[in-house]
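Visitor: First the structure, which I've put down as structure tokens, then a few questions once you've had a look.
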Amino acid sequence: MKHRVGRSLILFPVPYQGHINPMLQLANILYSKGFSIIIIQLPLNPPNPLNYPHFTFYSIPDGLLEQEACTADATQLLVLINIKCVKPFSDCLSKLLLDVKEDPISCIITDAHWYFTQPVADSVKLPRIVIRTGDISSFLVAAAFPLLREKGYFGTKDSQLEEPIIETPPLKVKDLPFPVVKTQDQEELHSYVARMINGSKGSSGLIWNSFEELEQDSLTRFCQEFPIPIFTIGPFHKIFEMGLRTYELLEMFSGGGPSGVAYGLSPKLLYDGGVANARQFLQFYIKIDANLDPISPVLNIKCVKPFSDGLSKLLLDVKEEPISCIITDVLWYFTQALADSIKLPRIVLSTIDISTFHVLAALPLLREGLLWNQSNLKHQGILTSYQPFMHEFLKYFPLEEPVIEAPLLKVKDLPEVKTQDPEDFDHYRARTLTESKASSGFIWNTFEELQKDSLTRFCQEFPIPIFTIVVARYASDAWKIGIHLDDIVERGKIERIIKRLMVEAEGQRIRERIMSLKEKVNICVRKGGSSYRSLASLVDYILSF
């Protein structure tokens, strides 16, 4: 381990997996350079301190009411945290400045979304460096929102969606991310993005999870518009120091292909009579109560360690045909976190049809409606406890009434849930949906012609992250390492695009550019490479405070 430099850094991540992971990777990078690391975390989706014994963790309250914390409106949630966390964060920071004596605090590093931390840092005369977990190109598009709005791009008609945006090439009007953002207040979203941009401009520097060779043009533009120190030290996952063997494994499995072996990992319940066949099969034993109701939530807890151990053994043992991904049933939500921890994609298999999945996804919304009716029934002395979707409960409702949130269904069609713990079931269902959204993709045991309307709704309700649309356009038109699918979900069109990519000359050129880019990544993180030099500059810059 490198010698300690006698300085501490405070890091404050946004509590979403796509933000937490890069922040923790950055923390490991800076720890390897001799800094002591302090992580301030919120109650929402906190990392497990036991996995990072070399860091010091402090938790602060987010001040959110239960109803606010459960909102599906990500913009509203982040805005609220930026308001309600000012005092808890300020108090924690002041306490740390008083208590930390051995390794004085040099600066705070916070996600760009935490714009409220800039005035707090200024008030205690502590430099704030901003981390952007995404690409530079998307940030420039966000910075251009006021200009694009003034020119009327956000109110364009469908007939204009294919027109190019002169101010932000190579984007087209349809690539603007705002239409896919699920928020009740578009005005608030514009305001939120503006505060994030201004907070970044007022910081002492910006760290990017990107590298010069990928975004040279965007980097040049950024330096012209943002006169602050910039450090492109990405990709983080390639540069942060881990155990050598683990690093080699991640390198080896990053290029896994479609010809790999099929492996099966499954719990073998002690009261279960048999197991399925696979080309290679690993078993582990879980002792549980056969009368548990339902059994899936319990298995999602008890299977974590044996599944993790089995998967780790496979990653160590499989040499000839690297593992490309894991495919797990939608009910095994615990596998998403494990897949993320070892940088292995997880694809979800749903054995139910898309329409039924929609109903299950709507359960929280349907529950709100039933709760309202429940309160009315309580006043009539009919109901004494909440048992969601139990038939003995639903009999008090007009069973022939349509369920507005789930077209074609009537109240009597709602699924019967037999469980001793309704709240546990609700939590389990919510976790299943949340982790499914975080997966790398879905496999459905159905076909498009049967459920085209449901498939379209699914694509709308499980949207890709806001700026992924922008990145997709850059990948296809600027970097030329992919083919843009637009909103295509029609089988024939997808088949033709796959042939272009896998068989035709265009696909060969794309693969050549990808291999060239991969080599540039390997070079940039080595001694003398652009990210290596930028990291050295970042360390020197922090030590200068």
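Visitor: Within the stretch 89-179, what whole-number % of the accessible surface is contributed by carbon and sulfur, with the 1.4 Å probe and all protein chains included in the calculation?
Guide: On the way: 2140 of 3910 Å².
Here it works out to 55 percent.
Visitor: Please go through the residue pairs Lys84/Lys302; Lys302/Lys518; Lys437/Lys480; Lys201/Lys238 and name each one whose alpha carbons sit more than 29 Å apart in this structure. Write out the running numbers ahead of the final one.
Guide: Details: Lys84/Lys302 36 Å; Lys302/Lys518 39 Å; Lys437/Lys480 27 Å; Lys201/Lys238 27 Å.
Beyond 29 Å: Lys84/Lys302; Lys302/Lys518.
Visitor: On to the next question. Give me the 1.4 Å probe accessible area per residue for the stretch 484-545, excluding ligands and nucleic acids, in Å².
Guide: The answer is 67 Å² per residue.
Visitor: In the stretch 502-545, carbon and sulfur make up what percent of the accessible area (probe 1.4 Å)?
Guide: Numbers: 1590 of 2730 Å².
The nonpolar share, carbon plus sulfur, comes to 58 percent.
Visitor: Taking every eigenvalue of the Cα gyration tensor of the stretch 1-134, multiplying by 5 and rooting it, what semi-axes result, largest first, whole Å?
Guide: Equivalent ellipsoid semi-axes, largest first: 24, 17, 13 Å.
Visitor: Here's something else I'd like to know. Where only protein heavy atoms count, and the probe is 1.4 Å, what is the accessible area per residue for the stretch 5-62 in Å²?
Guide: 34
Visitor: When only alpha-carbon atoms count, how far does the stretch 71-217 stretch along each of its three principal axes, as whole angstroms with the largest first?
Guide: Projected onto the principal axes, the Cα atoms of the stretch 71-217 cover 62, 39, 24 Å.
The values are calculated or read from the model by the stated rules, or taken from the named source; none is laboratory data. Everything numeric in this text was worked out from a predicted model, so none of it was measured. Quick note on the areas: whole protein, heavy atoms, side chains included, nothing else; ligands and nucleic acids left out. Shrake-Rupley method; radii C 1.70, N 1.55, O 1.52, S 1.80 Å.
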